[in-house]
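Taking it in order: structure first as structure tokens, then the write-up.
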Amino acid sequence: MISNKMQEAFNDQIAAELYSANLYLAMSAYLESIDLPGFGHWMRIQYQEEVSHAMKMFDYVIERDGRALVKAYDAPPADWKSALDVFEGALSHEQKVTGLINNLMDIALAEKDHASNIFLQWFVNEQVEEEATAKGVVQQLKMLGDSKAGMFQIDRELGQRVFTPPPTDN
Ligand code: FEO
């Protein structure tokens, strides 16, 4: 059975993942509003990813005979200045989430909770990918500057993104 401390930390993180989902959904709506449907689509997939992160933890708490909770979380912002502003925001948000995941891992280690340690390793790796992906788009957008043709091209590329659910076996 999962300890109270670990359970509480997972329940907080479930809320944080759902906040991330809503943040990216809000970013998606903003990107659609500035006529970048491919960027908007990409953020909508990111929303799905975050919901899947929350659900992976939700299922894990239940599997460990714990009590998963649905907690309140803040509303995300609604407006940004540009696509670059959005992706810089996404990158700094992911850096913050990496800190939260590392904190969860610290609790798992302190509690000698080996199952949670193994479970969280997937999230540690996922954060490396999340930060790298957001950073990659930031760099592309910075290189483009004001090129409309370049924006059109990236919008088409980001519009191809497909949702891949996380593995359910850990
Ligand atoms: Fe659930 Fe983007 O980390």
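The values are calculated or read from the model by the stated rules, or taken from the named source; none is laboratory data. A quick note: this is a predicted structure, and the numbers were derived from the prediction, not measured. Every residue, glycine among them, receives a Cβ derived from its backbone with ideal geometry; neighbour counts consider all protein chains shown. Areas reflect the complete protein model, heavy atoms only, side chains present, ligands, DNA and RNA absent. Shrake-Rupley method; radii C 1.70, N 1.55, O 1.52, S 1.80 Å.
What is the residue count in the stretch 33-58 for residues that are open to solvent by 30 Å² or more (accessible area, probe 1.4 Å) and either more than 25 Å from residue 69 (Cα to Cα) or at pLDDT below 95 (or both)?
5
Among the residues that make up the stretch 56-64, is at least one of them over 17 Å from the mean Cα position of the chain (by Cα), part of a loop (DSSP other than H, G, I, E, B) and farther than 16 Å from residue 123 by Cα?
yes
Filter the stretch 138-155 down to the residues that are hydrophobic (A, V, I, L, M, F, W, C) and free of Cβ contacts under 8 Å to residues at least 60 places away in the same chain and list them by number.
Across the stretch 138-155, the qualifying residues are 138, 141, 143, 144, 149, 152.
Can you find even one residue in the stretch 22-32 that is closer than 18 Å to residue 141 by Cβ, over 12 Å from the mean Cα position of the chain (by Cα), open to solvent by 50 Å² or more (accessible area, probe 1.4 Å) and modelled with pLDDT of 95 or more?
yes
So how many residues does the stretch 132-170 have that are within 23 Å of residue 58 (Cα to Cα) and at pLDDT 95 or above?
Looking only at that region, the number is 1.
Could you list, in sequence order, all residues of the stretch 23-58 that are within 12 Å of the ligand (Cβ to nearest atom) and of a type in the set (Lys, Arg)?
Selection gives 56 alone.
Kindly indicate whether residue 101 is within 16 Å of the ligand (Cβ to nearest atom) and either farther than 15 Å from residue 47 by Cα or part of a loop (DSSP other than H, G, I, E, B) (or both).
When the stated conditions are applied, residue 101 passes them.
Please enumerate the residues belonging to the stretch 141-150 that are surrounded by 11 or more Cβ atoms within 10 Å (Cβ to Cβ) and out of contact with any Phe, Trp or Tyr (no Cβ under 9 Å at 6 or more places or on another chain).
Scanning the stretch 141-150 gives 142, 144, 147, 150.
Could you list all residues from the stretch 104-136 that are part of a loop (DSSP other than H, G, I, E, B) and free of Cβ contacts under 8 Å to residues at least 40 places away in the same chain?
112
Could you tell me how many of the residues in the stretch 65-77 are more than 14 Å from the ligand (Cβ to nearest atom), within 17 Å of the chain's Cα centre (by Cα) and open to solvent by less than 90 Å² (accessible area, probe 1.4 Å)?
Residues in the stretch 65-77 being more than 14 Å from the ligand (Cβ to nearest atom), within 17 Å of the chain's Cα centre (by Cα) and open to solvent by less than 90 Å² (accessible area, probe 1.4 Å): 2 in total.
Checking the condition away from the ligand (no atom under 16 Å from the Cβ) and at pLDDT below 95, which residue from 1, 6 passes?
Selected residue: 1, the only one of 1, 6 that is away from the ligand (no atom under 16 Å from the Cβ) and at pLDDT below 95.
Does residue 105 qualify as being modelled with pLDDT under 95 and surrounded by fewer than 20 Cβ atoms within 10 Å (Cβ to Cβ)?
So residue 105 does not fit the description; no.
Could you please give the count of residues in the stretch 120-170 that are hydrophobic (A, V, I, L, M, F, W, C) and at positive phi?
0
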